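The values are calculated or read from the model by the stated rules, or taken from the named source; none is laboratory data. Quick caveat, the model's predicted, so the values are computed rather than measured. Methodologically, a virtual Cβ is constructed for each residue, glycine included, from the backbone with ideal geometry; neighbour enumeration extends over all protein chains shown. Areas reflect the complete protein model, heavy atoms only, side chains present, ligands, DNA and RNA absent. Shrake-Rupley method; radii C 1.70, N 1.55, O 1.52, S 1.80 Å.
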Amino acid sequence: MTPPTSTSTSTPPTSASPAASSTAPDAAIKAAVAAVQSVRPAPTGYGGPQDFISRVGNFSIIESTLREGEQFANAFFDTETKIKIARALDEFGVEYIELTSPAASEQSRLDCIAIANLGLKAKILTHVRCHMDDARIAVETGVDGLDVVIGTSSFLREFSHGKDMTYITKQAIEVVEFIKSKGLEVRFSSEDSFRSDLVDLLNIYRAVDKIGVNRVGIADTVGCANPRQVYELVRTLRGVVSCDIECHFHNDTGCGIANAYAALEAGATHIDTSVLGIGERNGITALGGFCARMYVADRDYVMSKYKLHKLRDIENLVAEAVQIQVPFNNYITGYCAFTHKAGIHAKAILNNPSTYEILKPEDFGMTRYVSIGHRLTGWNAVKNRVQQLGLKLNDEDVKAVTAQIKELADVRPLNIDEVDTLLRRFHEDKKTGLDESPCMLTSDEEVDA
Ligand SMILES: CC(=O)SCCNC(=O)CCNC(=O)[C@H](O)C(C)(C)COP(=O)(O)OP(=O)(O)OC[C@H]1O[C@@H](n2cnc3c(N)ncnc32)[C@H](O)[C@@H]1OP(=O)(O)O
Ligand SMILES: O=C(O)CCC(=O)C(=O)O
Ligand SMILES: [Zn+2]
């Protein structure tokens, strides 16, 4: 679906300043305000206080469409498509691109080599099991670094690889040292971190930190964690290791983006994303949604790092490659992400877009649209359209024609051409002195909705 064309909304200056608060707060209110104030955004809705540990204004994206995304049910990326996606992500400005393990198949290995040799600005990583066989293959591909992973929860220890923590720790140290000896970046991650024993986790992270791992990774592999649990775990880990902290969040319960944000607040440094959130099952933190979240936290920082107007093309590229539609309610680029419908919203938006928009569409190469051909419309929105069409109608006329739109739209919504026809006809009738009889569309003017 392509978004409808813009009605190029004008932005008159804001009207009267809001009335001052009338009652002085009592002690209970003051205490409550003090508690909440420390985490509230500014009155504009942007930003918010950050403590010394927060990395909300200083993080890196590890873009995993070409690894986690390849685990999406529909995904099959041929080499050419992988290269296109890698270049697009690089131009967008992600700091890292993570690729499928070269141990997965011969073509996966060749693709790693091809992408590692593209000379992109982004660092290229490949993602392998914490196993010497995989690490040996991966270090020969020319990538900048390896993300190694092994399950640490009792579920995965029993039903996936069958190894205990002593074995896992010994193996992790051997693999990390080997990768470091090749001069490559290395991250060690515990799969299913939130269902792993906390003491086991902290012990193994500390062990690899001591031998100089670049990052440790926390993974919510089954999407069970909530933002508070994420905050607590990352903050605890921040006190235990000195290396960077990467986080990976699955979206099974809808917390992928919120968890990423909580992780950064707690001191995580790197977040895994994929375009449109594609990945195993229903996927992970979506690149676009994550950018939206971070933009609201620190607009200048996000806009200085990432070419946000390229998001739509990247999403279309990936959507086509995996044969899906961009969802109607997708963050930023969805069909209706910047469409305003209800009359109350439309009036305020036309006065000042910040009333009902926290993301500025123009920052993302998108366009605002005010929809008027429906029964929830109001005369202010209709007046805006009348002005755009250059018709001369007074407010009483606009209210009368709005009533006609509503009457018709009680039967079915009108498209913009139908609304324009109605407005022009009303205007014409007024000029020629005809009475305002109900202004129905004839059947040959009706356009299928
Ligand atoms: C949560 C995640 O998304 S982790 C990333 C997942 N990514 C992938 O799986 C990459 C694509 N996978 C593949 O191509 C294949 O699964 C391969 C090549 C990795 C392995 O294939 P196979 O040897 O045929 O094994 P299979 O896939 O059936 O089982 C996984 C094997 O890895 C072992 N294993 C699983 N996790 C790990 C780990 N982190 N470290 C070491 N070994 C592991 C299992 O014990 C099992 O070994 P087994 O042969 O002794 O049974
Ligand atoms: O390597 C990681 O940290 C994450 C692996 C993964 O995809 C997951 O656990 O869901
Ligand atoms: Zn995952």
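Using a basic spin-label model with each label point 7 Å from the Cα along Cα→Cβ, how many nm lie between LEU118 and GLN323?
Roughly 2.4 nm, to one decimal.
Helix 256-265 against the longest principal axis of the chain: what's the angle in degrees, Cα atoms only, rounded to the nearest 10?
It is inclined by approximately 70 degrees.
Can you check what the Kirkwood hydrodynamic radius comes to for segment 88-158, Cα pairs only, in Å to one decimal?
Roughly 12.7 Å, rounded to one decimal.
At 222 nm, what helix-only mean residue ellipticity would the chain give, in deg cm²/dmol to the nearest 500, using -39500 (n - 2.57) for each DSSP H run of four or more?
That comes out to -12000 deg cm²/dmol.
How would you order 121-127, 356-362 from highest to lowest mean count of nearby Cβ atoms within 10 Å?
Output ranking for 121-127, 356-362: 121-127, 356-362.
Could you state the number of Å between the C-alpha centres of segment 145-169 and segment 241-303?
Centre-to-centre (Cα) distance: 24 Å.
Name the residues of segment 226-260 whose amide N is less than 15 Å from a point 7 angstrom out from the Cα of VAL36 along the C-beta direction?
Residues passing the 15 Å test: none.
What is the helix-to-structure angle for 106-116, meaning the angle in degrees between its Cα long axis and the longest Cα principal axis of the chain, kept from 0 to 90 and rounded to the nearest 10?
Long axis of 106-116 versus the principal axis of the chain: about 70 degrees.
Using R₀ = 25 Å, calculate the FRET efficiency as 1/(1 + (r/R₀)^6) where r is the Cβ-Cβ separation of ASP133 and ASP197; round to 0.05.
Efficiency for this residue pair is about 0.40.
Could you give me the ³J(HN,Hα) list for segment 407-420, computed from phi with Karplus coefficients 6.51, -1.76, 1.60 and θ = phi - 60°, whole Hz, x at Gly and Pro?
So the Karplus estimates, Gly and Pro as x, are 4, 5, 6, 5, 8, 7, x, 9, 7, 5, 5, 5, 4, 4 Hz.
Might you report the magnitude of the Cβ-based charge dipole of the chain about its Cα centre, with Lys and Arg at +1 and Asp and Glu at -1, to the nearest 20 debye?
Charge dipole of the chain: 1120 debye, to the nearest 20.
Expressed as a whole number of Å, what is the distance separating the alpha-carbon centroids of segment 66-133 and segment 372-438?
54 Å
Using only Cα atoms, figure out Rg for segment 339-432 and give it as a multiple of 2.2 N^0.38 Å.
The value comes to 1.10.
Taking R0 as 51 Å, what FRET efficiency do you get between TYR46 and HIS161 from their Cβ-Cβ distance, rounded to the nearest 0.05?
Taking R0 as 51 Å, the efficiency between TYR46 and HIS161 is 0.70.
Taking amide H atoms as placed 1.01 Å from N in the peptide plane, list the residues 5 or more away in sequence, or in a different chain, whose amide H sits under 5 Å from that of ILE62.
Amide H neighbours of ILE62, under 5 Å, 5+ apart: ILE271, ASP272, THR273.
Using the structure shown, list the pairs from LYS82/LYS307; LYS182/LYS307; LYS82/LYS210; LYS82/LYS310 with a Cα-Cα distance above 28 Å, or answer none.
Pairs exceeding the cut-off: LYS182/LYS307; LYS82/LYS210.
Extension gain ASP313-ALA73, at 0.36 nm per residue separation less the Cα-Cα distance, in nm?
Length difference between fully extended and current span is 84.2 nm.
Cα-based Rg of the chain per 2.2 N^0.38 Å, rounded to two decimals?
Computed over Cα atoms of the chain, the ratio equals 1.21.
What does the net charge come to around LEU110 if you take all other residues with beta carbon closer than 15 Å to its beta carbon, with K and R at +1 and D and E at -1?
The answer is -4.
Working out 0.36 nm times the residue gap between LEU376 and THR236, then minus their Cα-Cα distance, what length gain in nm do you get to one decimal?
That pair, LEU376 and THR236, stretches by 45.4 nm at full extension.
Between SER38, SER154, SER274, where does the largest GNM mean-square fluctuation fall for the chain, given springs only between Cα atoms within less than 10 Å?
Result for the chain, Cα springs under 10 Å: SER38 fluctuates most.
What residues qualify as long-range amide H neighbours of GLY217, i.e. H under 5 Å apart, gap of 5 or more or another chain, H built at 1.01 Å from N?
PHE188, SER189, SER190, GLU246
Within the chain, what whole-number % of the accessible surface is contributed by carbon and sulfur, with the 1.4 Å probe and all protein chains included in the calculation?
52 percent
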